[in-house]
Amino acid sequence: MNFDDHRAAYSAGHDAVGQLLTVLTPLPTGITVNCPTWSHFEPTIDVRLHRDLPGLEAWAAILGATLTSTLHSNGWIHWSLTTEVNGVPVEAWTLIDAPDAAA
């Protein structure tokens, strides 16, 4: 394992997170930088909002991304967008129940 490549990938992911945090309103509930060895140390970013579809819609407008949704069998709806920041893939998402989606 090449630790220098792994560290560099994490640094690239954290740099992209820093850029996201300067533009995203509302602020996210959580952000994770992933850099698994099986992906050749290519970072990805997972950005979450807790049950906040309007917030995710605002992010989509800021980032110029399209929202998609998936209905799960338990009634929850997974809303997400995908984009890139500095070449780093980003998925931002929220999970809401069906009655909240109609509100």
Flagged in segment 34-69 as among the β-branched types (Val, Ile, Thr) and modelled with pLDDT of 95 or more, in numbering order, are THR44, ILE45, VAL47, ILE62, THR66, THR68
If you check every pair at least six apart or on different chains, which have Cβ atoms under 7 Å apart with a residue in segment 63-77 that is over 21 Å from LEU27 (Cα atoms) and assigned to a loop (DSSP other than H, G, I, E, B) first and a residue that is modelled with pLDDT under 95 and of a type outside the set (Phe, Trp, Tyr) second? GLY75/ASP97; GLY75/ALA98
If you check LEU21 against the conditions, is it crowded, with 18+ Cβ neighbours inside 10 Å and either in a helix (DSSP H, G or I) or at pLDDT 95 or above (or both)? no
Kindly evaluate THR37 against the criterion of being free of Cβ contacts under 8 Å to residues at least 60 places away in the same chain, under 21 Å from LEU20 (Cα atoms), among the hydroxyl-bearing types (Ser, Thr, Tyr) and surrounded by fewer than 18 Cβ atoms within 10 Å (Cβ to Cβ). no
Might you check whether a residue that is surrounded by 15 or more Cβ atoms within 10 Å (Cβ to Cβ), in contact with a Lys or Arg (Cβ under 7 Å, 6 or more places away or on another chain), polar (S, T, N, Q) and farther than 21 Å from ASP15 by Cα occurs anywhere in segment 92-100? yes
Is it the case, given these coordinates, that ASP5 is in a strand (DSSP E or B) and touching a residue at least 24 places away in the same chain (Cβ under 8 Å)? no
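Working only within segment 35-47, note down all residues that are outside any loop (DSSP other than H, G, I, E, B) and either farther than 14 Å from THR82 by Cβ or of a type in the set (Gly, Ala, Ser) (or both).
THR37, TRP38, SER39
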Give me a count of the residues in segment 26-50 that are in contact with a Ser or Thr (Cβ under 6 Å, 6 or more places away or on another chain) and farther than 20 Å from TYR10 by Cα. 2
What do you reckon, is ALA92 in a helix (DSSP H, G or I) and at negative phi? no
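The values are calculated or read from the model by the stated rules, or taken from the named source; none is laboratory data. If you're wondering where the values come from, they're calculated on a predicted model, not measured in any experiment. Neighbour counts are summed over all protein chains in view; Cβ atoms, including those assigned to glycine, are modelled from backbone coordinates with ideal geometry.
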